[in-house]
Amino acid sequence: MKSPGGRLAEKITENRDLRNPCERSRIGRIGSWVGLVGNIFLTLLKLIFGLLTNSLALIADAFHSASDIFSSLVVLIGFLMAGKKADSEHPHGHGRTEYLAGLGIGLMLFGGGGAFIYSAYNRLAGEVVASPSRAAIIAVIAAIILKEFMYYFSVRLGRLIDSDTLEGDAWHHRSDSLSSGLVLVALLGSYFGLYALDAYLGIAIALYIVYTGIKILRNSSSRLLGKAPADELHEEVINCAREVEGVVDAHRLEMHDYGSWKVITIHVEVNGFLSLEEAHEIAQEVEDHVCSRFHCKTIVHLDPVEDPSLQEK
């Protein structure tokens with residue numbers, strides 16, 4: 001059963017061409033704005049209830065949510081910059097700004113995980129003790145529900161448009177949800193004197209957040225360095241070129257990733273007995289066909305096939 005956040009993400013992208021750079025950028029900005037507005041609301045909610053109930057744990061969690069506001073701003077700026085048109089200095093656009101934002105998100109997750117471990121140590125040392133309060137518990141439960149909605153919304157949206165940056169921001173939502181869960185455990189555990197319970201849970205969760213940050217750093221770095229396309233996409237582009245009449249075969253595909261904009265170079269085999277004009281027309285048709293389907297710039301290199309059986313065709 002899909003979560004409400006996941007269903008909303010699918011509704012937003014329904015019947016949309018997710019390979020279209022404009023559509024992809026628009027959807028990315030929607031995800032960023034949802035994260036930004038949600039984080040501002042949650043920061044205020046936790047801070048107000050934390051001050052009203054004198055809950056140190058909830059006030060500390062409010063500052064954690066405040067750090068997520070910066071994370072969502074980084075994602076939004078990344079998508080806004082990525083949507084800028086190409087210019088003389090950046091002929092392939094600014095799409096890789098999204099991957100730079102992904103690096104920032106990965107670093108923040110890595111740092112956030114370290115902060116979690118430090119916070120858990122402080123709890124074990126008895127420096128932070130939660131103050132039980134019904135109002136605080138209600139505020140924390142509401143925060144967890146909203147953060148889980150934001151997580152499923154962002155992670156599904158990120159996967160639909162293949163954005164590590166949005167997925168990274170989703171994990172910021174999840175880390176905040178887990179942080180609030182620890183606060184809830186602290187508030188409930190304090191009734192029974194179990195002050196160390198959430199600290200041990202926090203260390204385990206922090207290690208997983210650090211792992212997620214490393215994974216996002218690796219993926220974003222790999223794309224910036226020119227990661228090869230996925231096997232499924234590679235085969236899809238090759239088959240698209242083969243659909244053009246006059247193409248004998250296609251191979252040696254290279255794809256340069258600029259975010260929502262791609263530059264594809266492909267070798268196409270054609271009948272070696274064709275005239276230069278006829279071969280050029282096939283190459284142009286391949287470029288148009290691939291470009292229309294994948295919203296990219298396509299460069300075709302012709303390889304003549306000296307097969308006598310093609311001479312009669």
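Mind listing just one residue for me: the one in region 109-146 that is exposed (fewer than 14 other Cβ atoms within 10 Å of the Cβ), of a type in the set (V, I, T) and part of a helix (DSSP H, G or I) and, of those, modelled with the lowest pLDDT? Looking at the filtered set, the residue picked out is I138. Would you check if there is a residue in region 43-54 being outside any loop (DSSP other than H, G, I, E, B), of a type in the set (D, E, K, R), modelled with pLDDT of 75 or more and buried (at least 18 other Cβ atoms within 10 Å of the Cβ)? Looking through region 43-54, at least one residue is outside any loop (DSSP other than H, G, I, E, B), of a type in the set (D, E, K, R), modelled with pLDDT of 75 or more and buried (at least 18 other Cβ atoms within 10 Å of the Cβ). When I209, I264, I216 are checked against the criterion of being of a type outside the set (K, R) and farther than 15 Å from E167 by Cα, I264 stands alone in meeting it. If you go through region 254-289 and keep only what is under 25 Å from L225 (Cα atoms), at pLDDT 85 or above and β-branched (V, I, T), you end up with T265, I266. Does T212 qualify as being surrounded by 14 or more Cβ atoms within 10 Å (Cβ to Cβ) and modelled with pLDDT under 85? Taking the combined requirement at face value, the residue satisfies it.
What are the residues in region 216-244 that are assigned to a helix (DSSP H, G or I) and of a type in the set (K, R), if any? Passing the criteria: R218, R223, R242.
Tell me which residues, restricted to region 150-166, are part of a helix (DSSP H, G or I) and surrounded by fewer than 23 Cβ atoms within 10 Å (Cβ to Cβ). Selection gives Y152, R159, L160.
The values are calculated or read from the model by the stated rules, or taken from the named source; none is laboratory data. What you see is a predicted model, and the numbers here were worked out from it, not measured in a lab. Neighbour counts are summed over all protein chains in view; Cβ atoms, including those assigned to glycine, are modelled from backbone coordinates with ideal geometry.
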